[in-house]
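Below is one structure, written out as structure tokens; comments come after it.
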Amino acid sequence: METKSPLQYLKGVGPRRVKILAKLGIETEEDLLYHLPRRYEDRSNLKTISQLRVGETETTIAYIRRIEELNPRKGLLITKVYIQDNTGSAIALWYNQSYLKKQLALGAQLIITGKVDYRFGQKEIAVNEYELVSGKTSLHTGRIVPFYPSTEGLNQRFWREIQHQALARNAEEFREIFTPEELQQLDLLPVKEALREIHFPSSYTQMEKARYRLVFEEFYLLQLALLVLRGNSQKSAKGIAHQKENKLPERFVQNLPFPLTGAQRRVLAEINGDMESSYPMQRLIQGDVGSGKTVIAAWGLLKAVEGGYQGALMAPTEILAQQHYHTLTGWFAPLGVKTALLKGSLNRREKDLLIERVMNREIDVLVGTHALIQENVEFADLGLVVIDEQHRFGVKQRSLLEEKGQQPDVLVMSATPIPRTLALTVYGDLDISLLDELPPGRKPVETYCIREESRGKLKMFLAKQLSLGSQAYIVCPLVEESETLDIKNATTLAENIKREFPSYNIGLLHGQMKAKEKEKIMQDFQHGRVHILVSTTVIEVGVNVPNATVMIVEDAERFGLAQLHQLRGRVGRGNAQSYCILISSSRNPAVLERLRILSKTQDGFKLAEEDLKLRGPGEFFGMRQHGLPEFKVGDLARDGEILLRARHMALKVLQKDPYLRELSYKNLHDKVWSLIKKMVKY
């Protein structure tokens with residue numbers, strides 16, 4: 001669609017309504033036409049007056065025979081309209097609509113929808129929608145009627161009337177992005193017909209066809225934009241072709257006290273191919289909790305170091321960065337590879353000294369948080385960038401770290417299982433590798449959902465586990481007391497636990513603590529000096545304490561499935577049986593079903609699919625954070641198959657014409673490049 005006409009050209013849209021529409025993100029007629037109905041009512045089944053059923057909401061068409069206005073009391077105006085058809089008569093009732101009498105005329109034909117009653121020997125209809133028959137298209141009744149997402153000051157009649165105007169005004173302006181052959185091959189409605197049928201459907205079948213067309217188009221444009229971006233960055237950039245020898249990585253694998261899984265070997269082969277290619281690697285490693293992503297990252301970093309390059313690993317929290325540093329140092333020191341940690345708690349002199357050592361090639365691998373992307377951090381020759389828990393970083397942060405080198409390879413890791421449809425959307429510019437196999441012998445974490453009244457039993461269970469020498473996490477959602485939410489907060493909970501378990505050391509960890517305090521608490525917990533760690537979700541990702549066997553989650557209904565699965569992944573890392581106890585006082589069936597799903601499966605990818613259905617993509621991470629447009633039509637939970645078809649089509653088209661230069665793709669080219677411009681701002 002070409003037109004960007006402002007809304008004030010539409011009848012009934014004055015300056016006040018322009019402002020209201022702008023708050024909904026509607027500034028042009030194109031924005032308006034993509035503001036789609038949220039539901040429909042079938043008012044196409046017109047009945048005669050004799051067929052109207054008492055107690056039902058019905059639609060009828062009849063002639064006006066008499067009009068009366070009554071004021072039974074102050075503040076109440078009743079408009080009674082006596083209507084008749086060739087089967088009988090009835091009374092239509094409106095309340096407090098003083099303008100109505102001027103609009104209705106004796107003898108006029110009227111379509112009305114409303115609830116039917118029977119009083120004083122006469123059928124009465126409490127009207128909720130009406131329309132005068134005038135020869136024009138019926139919008140409000142007598143058809144399948146759309147209902148739009150709205151806001152105060154805009155009623156449904158207004159929406160239907162301006163959408164109808166916008167469709168009529170732009171009838172010749174719709175620009176088709178598909179060729180006639182593609183429309184036929186994909187069985188898609190033309191865009192002009194699709195927009196007409198989505199707003200004013202001639203049938204429910206046509207409305208579904210229209211929705212399919214618009215969803216396909218939305219997904220198709222996004223996939224093309226992501227694939228063009230990736231193709232351009234790879235084609236325009238000469239990357240590092242790392243040497244084919246892997247002596248250092250192979251020595252590292254031989255030193256490991258456990259064998260690699262088949263999935264790890266498969267993913268290492270994919271990374272090896274990427275790193276030896278002359279194009280920069282852009283790969284996402286998706287793995288469930290405990291699938292061994294850190295080993296993969298370490299292997300890649302060693303391949304870069306062996307070729308004379310440096311590596312960087314960026315983690316979202318200081319706790320996780322610290323843990324990665326200790327793990328990598330333990331693996332790399334015997335190989336003579338020097339690792340350093342850049343953390344926020346270093347003083348200025350320590351920081352400057354460390355950065356100087358990195359620039360002088362005295363450091364092979366630098367680990368840190370977003371401190372790594374500060375302007376004064378420079379590398380001598382950065383060859384591989386590893387970003388852990390990518391969903392915590394925006395696109396801009398990722399690119400800032402990449403800019404520290406000359407087209408370094410990029411390896412992105414996520415321990416938050418993401419449904420395939422969402423991964424293709426958020427990470428459509430990356431190649432995706434799956435670590436879908438856990439190391440052998442790992443015991444599943446037994447998961448139970450309990451109510452408040454079982455706290456006594458839980459206390460006894462926890463005491464037994466502590467007496468066996470195990471440690472425990474207790475997680476709650478808020479740090480400070482909330483007046484509106486009756487949930488446990490970490491501070492109060494820690495004090496209560498101290499009273500209940502006086503012979504054990506209780507630690508408290510939350511996001512508002514200073515970095516050094518957090519670090520000390522985590523070290524004490526890792527070394528067994530703290531027996532119970534009361535925490536908010538700052539321990540959700542990556543923390544590794546093999547001796548911790550109990551995870552207790554307070555107010556579990558306030559967490560998503562993916563988040564609960566992450567928390568459960570903090571236990572079960574040693575040889576002892578581990579347990580995850582979810583406490584919830586909710587009686588909501590949907591909440592209880594969600595928690596039941598978690599207790600039945602350990603598969604993070606299955607849980608992520610369920611979470612997407614239950615809570616939508618926004619709960620994983622905001623789309624806008626990633627520079628992606630929010631979907632106006634598509635729903636990833638419902639439309640996954642359409643997304644896969646759209647991506648397949650996008651790959652096919654770009655294989656034939658990588659820059660969409662063919663004349664037949666002119667409209668498509670313009671739409672894709674417009675979307676790319678919006679995306680690269682982030």
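The values are calculated or read from the model by the stated rules, or taken from the named source; none is laboratory data. Quick caveat: nothing in here was measured; it's all calculated off a predicted structure. All Cβ positions, even for glycine, are placed from backbone atoms using ideal geometry, and neighbour counts span all protein chains on display.
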Does residue 86 meet the test of being loosely packed, with under 14 Cβ neighbours inside 10 Å and outside the structural domain of residue 53 (by TED's automatic domain parsing)?
no
For region 503-515 the number of residues that are free of Cβ contacts under 8 Å to residues at least 40 places away in the same chain and not in a loop (DSSP other than H, G, I, E, B) is 4
If you take the residues of region 8-29 that are outside any loop (DSSP other than H, G, I, E, B) and in contact (Cβ under 8 Å) with a residue 60 or more places away in the chain, which of them is nearest to residue 175 (Cα to Cα)?
29
On the given criteria, is residue 65 farther than 27 Å from residue 166 by Cα, free of Cβ contacts under 8 Å to residues at least 12 places away in the same chain and among the charged types (D, E, K, R)?
no
From the set of residues in region 283-322 that are over 18 Å from residue 254 (Cα atoms) and hydroxyl-bearing (Ser, Thr, Tyr), which is nearest to the chain's Cα centre (by Cα)?
317
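Yes or no, residue by residue, for (1) out of contact with any Leu (no Cβ under 6 Å at 6 or more places or on another chain); (2) at pLDDT below 90; (3) surrounded by 14 or more Cβ atoms within 10 Å (Cβ to Cβ):
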| residue | (1), (2), (3) |
| --- | --- |
| 150 | yes, yes, yes |
| 162 | no, no, yes |
| 170 | yes, yes, yes |
| 179 | yes, no, yes |
| 187 | yes, no, no |
| 193 | yes, no, yes |
| 199 | yes, no, yes |
| 214 | yes, no, yes |
Scan of region 556-610 for residues that are among the hydroxyl-bearing types (Ser, Thr, Tyr) and part of a helix (DSSP H, G or I), ordered by number:
599
Do we have any residue at all in region 243-253 that's part of a helix (DSSP H, G or I), of a type in the set (A, V, I, L, M) and either within 19 Å of residue 658 (Cα to Cα) or more than 27 Å from the chain's Cα centre (by Cα) (or both)?
yes
From the set of residues in region 224-260 that are at pLDDT 90 or above and among the polar types (S, T, N, Q), which is surrounded by the most Cβ atoms within 10 Å (Cβ to Cβ)?
255
Mind checking which residues of region 171-219 are over 18 Å from residue 639 (Cβ atoms) and of a type in the set (Gly, Ala, Ser)?
171, 202, 203
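Please tell me if residue 556 is out of contact with any Lys or Arg (no Cβ under 7 Å at 6 or more places or on another chain) and more than 21 Å from residue 476 (Cβ to Cβ). Spell out the reasoning first.
Values: out of contact with any Lys or Arg (no Cβ under 7 Å at 6 or more places or on another chain): yes; more than 21 Å from residue 476 (Cβ to Cβ): no.
Taking the combined requirement at face value, the residue does not satisfy it.
Out of contact with any Cys (no Cβ under 7 Å at 6 or more places or on another chain), of a type outside the set (Phe, Trp, Tyr), assigned to a loop (DSSP other than H, G, I, E, B) and surrounded by 19 or more Cβ atoms within 10 Å (Cβ to Cβ): which single residue out of 135, 142 fits that description?
On inspection, the qualifying residue turns out to be 142.
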Consider residue 114 carefully, then state whether it is over 23 Å from residue 32 (Cα atoms), of a type outside the set (Ser, Thr, Tyr), assigned to a strand (DSSP E or B) and out of contact with any helix residue (DSSP H, G or I) (no Cβ under 7 Å at 6 or more places or on another chain).
yes
Residue list for region 579-616, restricted to those being over 19 Å from residue 551 (Cα atoms) and of a type in the set (Lys, Arg)
587, 606, 613, 615
Members of region 35-51 found to be out of contact with any Asp or Glu (no Cβ under 9 Å at 6 or more places or on another chain), part of a loop (DSSP other than H, G, I, E, B) and surrounded by 11 or more Cβ atoms within 10 Å (Cβ to Cβ), listed by number:
35, 36, 37, 44
I'd like the full set of residues that are assigned to a loop (DSSP other than H, G, I, E, B), over 16 Å from residue 125 (Cα atoms) and in contact (Cβ under 8 Å) with a residue 12 or more places away in the chain, limited to region 88-107.
98, 104, 105, 106, 107
Please list, ordered by first then second residue, the pairs with beta carbon atoms under 9 Å, 6 or more apart or interchain, first in region 341-360 and not assigned by TED's automatic domain parsing to the domain that holds residue 322, second in a helix (DSSP H, G or I).
none
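Taking region 56-66 on its own, how many of its residues are more than 48 Å from the chain's Cα centre (by Cα) and surrounded by fewer than 16 Cβ atoms within 10 Å (Cβ to Cβ)? I'd like the intermediate steps shown before the answer.
As a first pass, look at region 56-66 and keep what is more than 48 Å from the chain's Cα centre (by Cα): 62-66.
Going one step further and asking which of them are surrounded by fewer than 16 Cβ atoms within 10 Å (Cβ to Cβ), we end up with 65-66.
Adding up the residues that qualify gives 2.
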Options 518, 459, 498: the member that is assigned to a helix (DSSP H, G or I), assigned by TED's automatic domain parsing to the domain that holds residue 578, modelled with pLDDT of 90 or more and touching a helix residue (DSSP H, G or I) at 6+ places or on another chain (Cβ under 8 Å)
459
Single match in 71, 45 (criterion: more than 38 Å from the chain's Cα centre (by Cα) and modelled with pLDDT under 90)
45
Residues of region 313-343 satisfying the condition of being surrounded by fewer than 19 Cβ atoms within 10 Å (Cβ to Cβ) and in contact with a Ser or Thr (Cβ under 7 Å, 6 or more places away or on another chain):
327, 329
Residue selected from region 455-480 under the condition surrounded by 14 or more Cβ atoms within 10 Å (Cβ to Cβ) and hydroxyl-bearing (Ser, Thr, Tyr), by the criterion farthest from residue 227 (Cα to Cα)
470
Considering only residues that are more than 18 Å from the chain's Cα centre (by Cα), touching a residue at least 40 places away in the same chain (Cβ under 8 Å) and in a helix (DSSP H, G or I), which ones fall in region 411-453?
452
